[in-house]
Amino acid sequence: MSALENAKTYTGKNLETIFFRPMLSGPSALDLGVRVLYNMPVPTTVQMWEPRSNVLQKYTAGGWSGGDAARKLQKTIRLHRVKAELGYSAADYFSLVYELITNRADVNMDDLSGTELEEAETALFKRAIAESIRATMWVGDTSAADGPNTFDGFLKTVTLYSNANKVYTYNYDSDAMKTPGASVALFDDLWSNADERLKDLKAEGQLAYFVSSDIHEAYEKHLDGMSTDGAYTDYINGRKELLYHGIPVVDTRISSYLAALGASSLVPKSFCILTDRRNLTLAVNTADFPGNEIRMWYNPDEMENRQRAVFMAGCDVLDEGLVSFAYRM
């Protein structure tokens with residue numbers, strides 16, 4: 001087991017290329033379903049330009065009639081320093097890492113190199129970090145005593161905007177989603193009362209209903225009840241993706257985290273958010289602060305393999321006006 005006991009530290013370029021960029025870019029970023037900014041300069045500021053809506057002028061004579069300049073909006077995403085730590089007993093860690101290795105067909109178990117062991121334990125830790133970022137991105141609450149509390153997630157942010165009357169909000173009772181058709185009424189309500197700017201973005205294909213699992217299940221049951229051959233086929237085979245009037249209905253898959261929230265949490269237990277995917281922005285930085293690193297080592301005193309990651313992360317809603325929100329606490 002000596003190969004597992006070699007301490008490894010990743011900083012700088014290795015920290016970016018081995019750990020974070022693969023899970024925050026390309027298909028992995030798309031799986032998160034939101035806008036991802038990686039290693040943008042700190043403070044991470046997003047610039048949004050709003051040009052004049054009527055730039056056509058009557059052509060009469062020479063001179064300048066361009067009017068006011070384009071209006072610039074900007075939103076600064078506050079980043080928090082976070083730490084991820086995992087500890088396994090030597091026996092458990094050994095079996096977890098070896099399970100990842102033996103599932104590969106190209107591995108010779110009689111000749112395991114240190115590189116293969118390193119790749120396996122890196123994959124193990126990377127998966128844990130990615131899930132923690134995803135969960136906190138949605139249910140994070142800095143006022144909570146435990147759970148995902150390193151930075152405020154989208155749900156708390158949108159709820160605060162709702163309390164300040166900055167977004168259209170619809171409250172429903174705890175029994176509402178027990179009727180499958182209620183999900184359709186909910187989608188209709190959010191669409192009908194959404195900002196016209198949000199409706200105009202539908203043609204760009206980035207709108208989505210981000211929902212808790214109970215709403216996703218209610219809508220799927222509603223589709224199951226349709227008296228068509230297609231509904232019967234989908235009832236048997238399942239559906240890879242749900243759509244409502246061409247807009248994806250995205251299950252955020254955070255039911256276990258929502259169930260663990262305390263009664264005083266500001267994060268709703270059931271919700272539906274209609275917005276543009278690009279409006280929900282996650283920012284992660286591993287470059288601009290000293291001490292950001294990934295470290296993996298063996299502690300002989302505790303007979304425990306340990307892993308630690310230190311980096312910066314945060315998320316925010318860029319334009320609260322482009323959100324239509326329904327929830328139940």
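The values are calculated or read from the model by the stated rules, or taken from the named source; none is laboratory data. In this text the structure is predicted, and so the values were computed from the model without any measurement. A quick note on method: Cβ atoms are made from the backbone with ideal geometry, for glycine too, and the neighbour counts reach across all protein chains shown. With ligands, DNA and RNA removed, areas are computed over all heavy atoms of the protein, side chains included. Shrake-Rupley method; radii C 1.70, N 1.55, O 1.52, S 1.80 Å.
General observations
Here's the yes/no breakdown for (1) open to solvent by 40 Å² or more (accessible area, probe 1.4 Å); (2) out of contact with any strand residue (DSSP E or B) (no Cβ under 9 Å at 6 or more places or on another chain); (3) on the phi > 0 side of the Ramachandran plot:
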site	(1), (2), (3)
Leu243	yes, no, no
Ser255	yes, yes, no
Leu274	no, no, no
Phe289	yes, no, no
Met296	no, no, no
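- Residue within region 87-99 that is within 25 Å of Gly314 (Cα to Cα) and modelled with pLDDT of 70 or more present: yes
- When residues of region 279-329 are limited to those that are among the small types (Gly, Ala, Ser) and not in a loop (DSSP other than H, G, I, E, B), the one nearest to Gln47 (Cα to Cα): Ala283
- Among the residues making up region 202-227, those that are within 10 Å of Asp276 (Cα to Cα) and not aromatic (Phe, Trp, Tyr) are Lys202, Glu204, Gly205, Gln206, Leu207, Ala208.
- Condition check for Arg328: surrounded by fewer than 21 Cβ atoms within 10 Å (Cβ to Cβ), among the charged types (D, E, K, R) and out of contact with any Gly (no Cβ under 6 Å at 6 or more places or on another chain): yes
- Top-ranked residue of region 258-272 - restricted to ones that are part of a loop (DSSP other than H, G, I, E, B) and either open to solvent by 20 Å² or more (accessible area, probe 1.4 Å) or among the hydroxyl-bearing types (Ser, Thr, Tyr) (or both), ranked as nearest to Asp173 (Cα to Cα): Lys269
- Residues (among the hydroxyl-bearing types (Ser, Thr, Tyr), open to solvent by 60 Å² or more (accessible area, probe 1.4 Å) and closer than 20 Å to Val323 by Cβ) located in region 173-195: Ser192
- Residue under evaluation Asn163, criteria (1) out of contact with any strand residue (DSSP E or B) (no Cβ under 9 Å at 6 or more places or on another chain); (2) open to solvent by 50 Å² or more (accessible area, probe 1.4 Å); (3) over 27 Å from His245 (Cβ atoms), criterion not met: (1)
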